[in-house]
1. Could you list, in sequence order, the residues of region 897-912 that are surrounded by fewer than 19 Cβ atoms within 10 Å (Cβ to Cβ) and not in a loop (DSSP other than H, G, I, E, B)?
2. Out of the residues in region 1478-1493 that are in a loop (DSSP other than H, G, I, E, B) and touching a residue at least 60 places away in the same chain (Cβ under 8 Å), which is nearest to the chain's Cα centre (by Cα)?
3. Looking at 375, 362, 319, which is the one that is surrounded by 15 or more Cβ atoms within 10 Å (Cβ to Cβ), touching a Lys or Arg at 6+ places or on another chain (Cβ under 9 Å) and touching a residue at least 40 places away in the same chain (Cβ under 8 Å)?
4. Is there any pair with a first residue in region 1392-1413 that is at positive phi and open to solvent by 70 Å² or more (accessible area, probe 1.4 Å) and a second that is at pLDDT 75 or above and in a helix (DSSP H, G or I) whose Cβ atoms are under 9 Å apart and which are 6 or more apart or on different chains, and what are they?
5. Given 889, 879, which one is open to solvent by less than 30 Å² (accessible area, probe 1.4 Å), under 29 Å from residue 1383 (Cβ atoms), outside any loop (DSSP other than H, G, I, E, B) and in contact (Cβ under 8 Å) with a residue 24 or more places away in the chain?
6. Go through 212, 142 for me and flag whichever is under 30 Å from residue 289 (Cα atoms) and among the hydrophobic types (A, V, I, L, M, F, W, C).
7. Going by the structure shown, is residue 803 more than 19 Å from residue 614 (Cβ to Cβ), within 29 Å of the chain's Cα centre (by Cα) and in a loop (DSSP other than H, G, I, E, B)?
8. For residue 1429, state whether it is on the phi > 0 side of the Ramachandran plot and not charged (D, E, K, R).
Amino acid sequence: MCRLHLQDKYQDKLTTADFLNIGSSAQHQHEPQTENKLAHTFLQRLLMLDYRARYIPVRDENSEMHDTNDNRNDNAETEESAFDALFNKNTVSGDLKRNTHVHPMDVQMAVFHCSDSFLRQFMVTKLSLCQYALPLLVPNPFTKEIECPLWTFRQIRKTWKSTNDSNIVTSQSMPIYKAETPMVSFFRLGSVSSSKSQLMSNLINQRHSTFFHRHCPGSSKTCLLMDGVVEIAWYCPAGKPNDIFTDCVAFCNLHGDAIAKEIQRDRLIEKASVNVILLPSLGKGDKSMAIVQELFKSSKPLICLLTEEDSVATEIKKGKYKMGLRDRNQSDVSEELKRIIRNNLSRPCCSFKLEDMAEYSGFRVDEDDEDCQVGKTNALQITDLLKEMELSKIKEEFLPCQGRMWHDWCQKNKDLYRLQGNLEMERSKIEHEMMQIRHHQHQVAFTELMQMFITSLRSLGEKEKSYFLKWVGILLDDLSSDELSDLHHKYDEKWSKVLALKKKHDKSEQLKMRQMELEKISEKLQAATFGFEHILREMGQIYEAHASVARQSKGESEVTVSYLPELAAELMISGHPMELMDGDAAHVPLMWINGVLDEVINKLGDQRVFVLSILGIQSTGKSTMLNAMFGLQFAVSAGRCTRGAFMQLVKVTEEMKDDFRFDYVLVIDTEGLRALELAGKATVHHDNELATFVIGLGNMTLINIFGENPAEMQDIIQIAVQAFMRMKKVNLSPSCVFVHQNVGDIMAGEKNMEGKRRLQDKLDEMTQLAAKEEDSNAECFSDVIAFDIQRDVKYFSQLWEGSPPMAPPNPCYSENVQELRKTILSKTSRSFGMTLSQFKSRIQDLWNALLTENFVFSFKNTLEIAVYRKLEIQYGKWIWALRSAMLTIENQLHNRIENGKLHMVERHYLVEEMRKTREEVDKSMEKYFDEDRDKEMLIQWRGRFQTKMCEFYDELVKGAKRKIEEVIQQRDARKKLDDKKTQYENKLFQKSKELASKLKDKAKDEKQLENEFNTLWGVWVAELTNDTPSIMDINILDDVTCILGEMGYELSLVHDRKSCGMYREICTLGSYLNYAIVSKHQDLFNDDQHSRDAQRKPNNDQLKKNNVWGAFKSFLGFKSPENKTIGQIGPSNILTYTDQELIRAFTNDVDKQSQMIIETKPIEKMGYNDSYMQEIATHVKESVKEFESKIRKYAFKKEFTIDLSLHVCELAGSKLADSHSKFRSNNDALTYLEQKRPQYNKIFKRYCKGSSSAAVLGELICNTLKESIVQAVYDQTAIDLAGEMQLSHPPFSGNRSNMENHILISLAEKENFDKFMTYIHNPRKHFEKFIREGVEKYMLTERSKVLALIEGNITAKEQRVSHALHTATKTVKNRNGDTNMWLKELSSALKDELKFVENHFSDFCDITDFDFLEEEVRKDLANRIIEINRSLSNVSLLAMKQFRERPGEILIKHFCDCCWVQCPFCKAICTNTMKGHKPKDHNVPFHRSKGIKGMHFRNTVEFSIDFCTTSVASNGRFYPSHESEDKYLWKEYRKAGPRFADWSITPDLSELPYWKWFVCRFQEDLERYYDLKFQGRGEIPIEWRKFTKQQAIESLK
């Protein structure tokens, strides 16, 4: 134990978890090992079915070879003779004596003693597969008890073919513990020269040492742990003439001297059918003879093998034989022994059963362990329920949720993706039926069996639970094995007959009948197959049913069975395979899989996994290979072929995590392609679906090819190539390795190369075939996937070394498995794999796409979308960092310009100022792309986002430079005015000073001073502005009215349109019928044209409605021109749906163009001019004419042009008014001087009271600083507030999609239809309004935060001024400067912070005490700061006009500079954050009902209510425009034209209830708005009306 480093493991047992992992010990298991690694290497080799696990070469710890002649001189003379050298024992090195290695069977038994019961079972099962003898009775070296490890045999299954006397062959397959067979026992009495174990091995299998013996490699004399061990092996016949025995026979071998092992010997003799004893030469009175004598008396056959005699086999009395062994040919001995045993077994004899051994009181049975008994008891309760039932009825009775109901649900779920007719009605009907099935499942769930099973899982301890699960599997197999075996026999017989008929090309009724019989047996097989996986499947269906019902009834509490996925997750973590795809229903239970994986994530964390999947023809050894490679537990017997797909986790050990970038390998085993169970109904579609699913899930897929059948090779290659091609099209890039199993002569290099060349040719050929089907231009396989024929193709030897059932696994197969494992792990070391949450998303994406008929068209990578959205949010933070930094720099430069310190700005200066922020953003970007957990997915966008960031940065710098240059131009343009203002102020200052000196004696009479100042102020201002005209206020709408009158429109009509206010809604109207008239070019009665434009005749109701509407129009001022109005001919005769859309788009376009015209006007420099309105009105009129000339079939009434002009001019008016107000404030001398009145009144009073020049100058400085501080605080607060809202205000703390959700919530809460229509038809306008309103609301509701920002900025500016004052005083005193220098220094220190121009102050040359001046300024400034704080102490006191750039406008620029393209079907907005995004496909997470946009059925008034995502899954067609005569399949919508081609719309059933609620809530409004009806094919499904407003809002969250 010590030499094997197992001394601590007898108490703290080894477990399966210690070995079933990706560890370093598995990497080098075929190399010589040191003794301390022997145990691990033995188990690892056994795991890979390498029977050479017993023959591990041992490397000395010191890695040195002992040389017995190290200290001798080879040439030295010696007297030693050859005899002494060869035969003198004293010449043997003492080192070599000591260097005896550990006996291989000691390694096996040491591991056995130090393993827990589950590892023992695993080990013994693998030994059995290796055709080795198994320990049946084991003396414990520590307690001396004899253990009977019955538990270790429970999972061993043997298959054989018996031949009776009539030469009829019967197949049998059963768990070995159930087998009742003859048993031949071997033991020796005393010490014998012949090897008993070798003799037994030759008897059973001459090519393989079933029993380890002295002549096996690695054997030595010192075997410590085998003494007293009884081993057992079974001979299983193949049903052939050369079988040694005609039935299964057990052979037991008692190791050691049987004289001393009385308990084992007696038990074996009792249970044996034939006893075989090896005897040395014995005396008559020898103790051994007493034992022999007893055996002679027994009626059981006895064979005595005399090791010291050379006689042939002789029957000395009936049933008693003797045979000499000395100097005899081993083959002859074996043949004689076989003959004797065969003859005796042909007579009636007692049978042996493993469980019989456990009945003996002298043995300690491992199954008597308390935990094992508890597990068994609980499992028996379950199987006891089933014993009396017919096997095929069990699932129907006890697992009802997964039977017909589940299959029906799956079919209906698939039908949802293949809708016909009225799509939404049909969909609602199917969904209702699916929910009914869920309700039924909910009612019948938790049968007695399931209650027992789940209760046991929840209540048992860890070890008890492990035993329980094993027992359930064992007992269920026991229950079904016999009947399944019979059914398989019948199936084979029928299948053979069907094949025979097919070979004869017989198409008679007989063939059909045989095929029907085959189908019935197949159904019975499916019904009778009942195992552990079916119970887990039932758990999944119970969970899905409860979750669905709970989700439907929102009022109820959370899912009451949420513990079920947790139980399954625990099983998965502990190493149990978990069903991923239900093979019977060919469906993935997404809700259950998501629940289980969520719980796995909860328990393990969101670990990284490398997903390895496998694909191949059925029964080609896929599961066997995976089990051998990783020690997994996938079902491998022919009777239990894998159905569907299973997944199992394999942990990467801590020591290996440095070599890999993931924590687990997740292995997916799949059902075979062309599965026999699907014979007669299997389709290529099913195989393609399965291949696409498993290849899409895997980071790597093993493509398993078996044998060299060209047809089978072509099938698997074609299916795999097509699946890989699909992956390429949807931007998934798995890798693959081809495994070619069961290839003969794989060592021949030339043949190997030839095989690879043929495979490459076949892959290229299949690629070209698949390319045609998948619409691809790939010409060779390497165009589809990165593939190296030299490295990515592995040839495997056949699994068995000989013919089963007695053949051991081929050692070359094990080496191939090891090599493949190394190849896989070497490839995985470069992969990040994926997180469990990503794997969960991938399952959902792949399966949802597979449910449709076009995988590539339908695949939506939700994980990629989520990662991209997260990147967009991060991108928003990066550009905000740059934007806010640039805004701060703009504020600084603005101050510098106003202070006269900056006359031009260079680009390199802005770049240098932004350098630090840019570097920080670049570092943040680099870190995000390099270190984020999704970095391997982010890499595809890295270059694009870096380019976009550079473009944004360049545009930001360019825009800032342009703005700064405009400010410089504005300053230069008003320089003359500013100089004049300075003159005015200087004169006013002098006059105030002079007046004060005259009135000094009246300083105490405040009222008189006020009157005097007011009287003279008016005189002074009039005198100063005598030659300067005043700038007047403007009234834009009055100007527009006059302009429209001058353009030829009746003023009364213009006034009527203005007063009714309808012009304000012109851009969002649902119908423009009342604005249109029939064009002279339009022939109303041309049948051909009428037909071609798909117009419909008005019915009586419509005509009545139109008459009423005509009267209403007259009341509103619409006059009837000579041409007929639309109302007179029926509303839809002229304006089609497409026309309405075109008009709406036209009005919005004119609106945008007009706003752009206004933005080019220099209003803040030059002021308002009515020619601007003239230009806009003219632009509107000409645009309308141009639009009419293109459409020709209808024209607009005057009202349309007037309303559009009024609408556009009113929108432009607010911007014009703001700009003109700023112009007036800056340029009107009277206005400017009036603003200065309080300031000079104060100076006047100060002088009257005798204040010093320093005090007055301080007053003036503080007056100027107050204005500047207020402005600076506003400007900085705007930036800070915009940043703060992005952090703390939910609508603004994400990307635009997040904001859109909040907009939709807001719209639902207000239930204002008009606002909905603005959002739908003019989303940008609504977004901008929402942002502005959001800022205003935030400022009111979050007052404390806003005020804290303001106070912080005020304090910051006060500190800057304080520091500047100190700096100016210090500098002037050091340089003996004057007041002008002091002012200049102060201005210089504040140049970036505040507007402060020193030349505004004169006549203060008498000031010499600058400390006093500084003190006066500080004192006065403190009062001004108090005033500022008071004026800004309430958010409601804030003047929004004061902001140079309002927070709302900053946020609009930040959020609205993105893609605004709308879905051509439902008007959903592309959610991409960037304009001109790449890939260029527009997409949205959720589309809407097309009726929201006004889409309807041609020639009817019926809305089309289908969602785009439902339509594209259907076989329906649509017209791309109302005038089009060409129909397009919804599935091929991209072919309908450019506006459709750039949209990615994938079939998706996860629609928002929000839009269903909207349609129901505003049904009447929508009908009025679009003049259509929700009737006929547009009838609203009843299910839609069940959604409440709250549910609609919740669906957005």
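1. 907, 908, 909, 911, 912
2. 1485
3. Answer to the selection: 375.
4. From region 1392-1413, the pairs are 1403/1253.
5. 889 is the lone residue from the list that is open to solvent by less than 30 Å² (accessible area, probe 1.4 Å), under 29 Å from residue 1383 (Cβ atoms), outside any loop (DSSP other than H, G, I, E, B) and in contact (Cβ under 8 Å) with a residue 24 or more places away in the chain.
6. 212
7. no
8. So residue 1429 does not fit the description; no.
The values are calculated or read from the model by the stated rules, or taken from the named source; none is laboratory data. A quick note: this is a predicted structure, and the numbers were derived from the prediction, not measured. Because the Cβ atoms are built from the backbone with ideal geometry, glycine has one as well, and the counts that use them run over all protein chains shown. Please note that ligands, DNA and RNA were not included when accessible areas were found on the heavy atoms of the full protein model with its side chains. Shrake-Rupley method; radii C 1.70, N 1.55, O 1.52, S 1.80 Å.
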